[in-house]
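Scroll down for the structure; my scribbles are underneath it.
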Amino acid sequence: MPVLHTPALTSGRRPLTALLTAALLLGAAVGAGSTTAATAATGTGTGTAAAATATANATAAHADEPGWTAEPAAGGAGPARPYFYLSGPAGTVLEDRLALTNSSDRERTVTLRGADAYNTADGALAVRPAEPPAAEGRSGTARGAGSWISFGTATTVKIPPRTRAVVPFTVTVPPASPPGDHPAAVIAAEDGREAGVRVHLRVAGPTLAALTVEDVCVRGKGARAVVAYTLVNRGNVALVPELALRAEGLFGEVPGRTARALPVELLPGQRVSLTEPWPGAPVLDDVDLTLTVTAPGAAPATAGASAWFVPWGVAARTGAGLLGLGAVALAALLLVRKRRARGGGPAHEEPVPAGKRAPEHELTGASR
């Protein structure tokens, strides 16, 4: 594919300080629920991505070294795009363009590739590292949408000083691809430094939004208490979930947490382990927790757990006091028994002859 070089603009340049992970997070909250912004061309099996609307706080993905940037090429006079959004049926070839801007005074040599995107264990977004050519396809890891991205012969691009290079690429969706979201990224690298641009790719067909919450437990106590849990995306679209916490104690309802959006975009098939602060945790109570997680289009998911809250410092001091009191009582009882054993029992009375016994009077109530 031909690479178009144009002089780079020298005014209004933005600082280039975002790291790869920050670049991947751009547009995360809006990507899952976006409507289709690009359609496949009919009759040829090739589609062209249209420009997606950027959010107010979105910025382009930058390399972690000042001097060059990587971002979606602008679509005409429209606003800058924070990520790529492509959509089409299985078997389609989609097209878009990546803009590489060299604002430095020396030539840059940038290598381009596609990569699969995934959630780390704590919910952050990341991309798969590049595999050596000899190891491709032999790692045992299923290859996703990152392998569908191709730059043709332009995988290595030389960018003259103060020049912008526009590099076209294609996304070839396999005919048997399941419908739903297939997260990926375009990665630009130079001298070990990388910049990533998200690719929100949706294969046409039925979509399912479904999630579950599992492994709920409480860690810590008091104001430092947190609720740990695991979220699993069991559907085929990315989700931005909301979480609410309800707690019921022995004496009624305990302050929980109202519903709030989680700072996580949960990709299809991914599992993440999270914690939720619970500053309203009681000091002394037996509590039943109910965690409810919702997401647009998905049925609410709930899970529960029980937790004892005991102020162990107070309990230890109280227990020590009761133990001491019991020890004093036991010592007093043993002392009394010992004294009785030394003094002997009460003297036995001599038997009284039968004839000298006092007469027994019948109580009749009559006066005498």
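The values are calculated or read from the model by the stated rules, or taken from the named source; none is laboratory data. None of these values were measured; they are calculated from a predicted model. Note that each Cβ is placed from the backbone with ideal geometry, even for glycine, and that neighbours are counted across all protein chains shown. Surface areas here come from the heavy atoms of the whole protein model, side chains and all, with no ligands, DNA or RNA. Shrake-Rupley method; radii C 1.70, N 1.55, O 1.52, S 1.80 Å.
Of A228, A188, A195, which residue is open to solvent by less than 30 Å² (accessible area, probe 1.4 Å) and farther than 30 Å from A154 by Cα?
Numbers: A188 fails: farther than 30 Å from A154 by Cα; A195 fails: farther than 30 Å from A154 by Cα.
On inspection, the qualifying residue turns out to be A228.
Any residue at all in the stretch 310-321 that is assigned to a strand (DSSP E or B) and either open to solvent by 100 Å² or more (accessible area, probe 1.4 Å) or modelled with pLDDT of 85 or more (or both)?
Kept after step one, since they are assigned to a strand (DSSP E or B), are these residues of the stretch 310-321: none.
For the stretch 310-321, residues assigned to a strand (DSSP E or B) and either open to solvent by 100 Å² or more (accessible area, probe 1.4 Å) or modelled with pLDDT of 85 or more (or both): absent.
Just to verify a result, which residue in the stretch 206-221, among those that are in a strand (DSSP E or B) and surrounded by fewer than 17 Cβ atoms within 10 Å (Cβ to Cβ), is farthest from the chain's Cα centre (by Cα)?
Keep residues of the stretch 206-221 that are in a strand (DSSP E or B), which gives 211-219.
From what's left, surrounded by fewer than 17 Cβ atoms within 10 Å (Cβ to Cβ): 212, 214-215, 217, 219.
Details: T212: 12, E214: 12, D215: 13, C217: 15, R219: 17 Å.
In this case the residue turns out to be R219.
Quick one: is P268 touching a His at 6+ places or on another chain (Cβ under 9 Å), closer than 19 Å to A117 by Cα and either in a loop (DSSP other than H, G, I, E, B) or polar (S, T, N, Q) (or both)?
When the stated conditions are applied, P268 passes them.
Collect the residues in the stretch 267-293 that are within 30 Å of A184 (Cβ to Cβ) and surrounded by fewer than 18 Cβ atoms within 10 Å (Cβ to Cβ), keeping them in residue-number order.
Of everything in the stretch 267-293, those that are within 30 Å of A184 (Cβ to Cβ) and surrounded by fewer than 18 Cβ atoms within 10 Å (Cβ to Cβ) turn out to be G269, R271, S273, T275.
Looking only at the stretch 153-180, count every residue that is closer than 17 Å to E95 by Cα and touching a helix residue (DSSP H, G or I) at 6+ places or on another chain (Cβ under 9 Å) and tell me the total. Working first, answer last.
At the first step, the residues of the stretch 153-180 found to be closer than 17 Å to E95 by Cα are 153-155, 165-175.
From the residues that got through so far, the ones that are touching a helix residue (DSSP H, G or I) at 6+ places or on another chain (Cβ under 9 Å) too are 170-174.
The number of residues fulfilling the criteria is 5.
From the set of residues in the stretch 150-160 that are open to solvent by less than 20 Å² (accessible area, probe 1.4 Å) and outside any loop (DSSP other than H, G, I, E, B), which is farthest from D96 (Cα to Cα)?
Pass one, the stretch 150-160, residues open to solvent by less than 20 Å² (accessible area, probe 1.4 Å): 151, 154, 157, 159.
Adding the requirement that they be outside any loop (DSSP other than H, G, I, E, B) leaves 157, 159.
Working: V157: 17, I159: 19 Å.
Here the answer is I159.
For the stretch 250-266, enumerate the residues that are crowded, with 18+ Cβ neighbours inside 10 Å and farther than 30 Å from L201 by Cα.
V254, G256
Under 6 Å between Cβ atoms, which residue pairs at least 6 apart in sequence (or on different chains) link something in the stretch 171-190 that is in contact (Cβ under 8 Å) with a residue 24 or more places away in the chain with a partner that is outside any strand (DSSP E or B) and surrounded by fewer than 20 Cβ atoms within 10 Å (Cβ to Cβ)?
Every condition considered, the pairs that remain are V173/A90; P175/A90; P175/G91; S177/A90; P179/G205; P179/P206; G180/T207.
Condition first: more than 24 Å from V240 (Cβ to Cβ), open to solvent by 50 Å² or more (accessible area, probe 1.4 Å) and either among the hydrophobic types (A, V, I, L, M, F, W, C) or at pLDDT 95 or above (or both). Can you find one or more residues in the stretch 79-96 that meet it?
Yes, the stretch 79-96 has at least one match.
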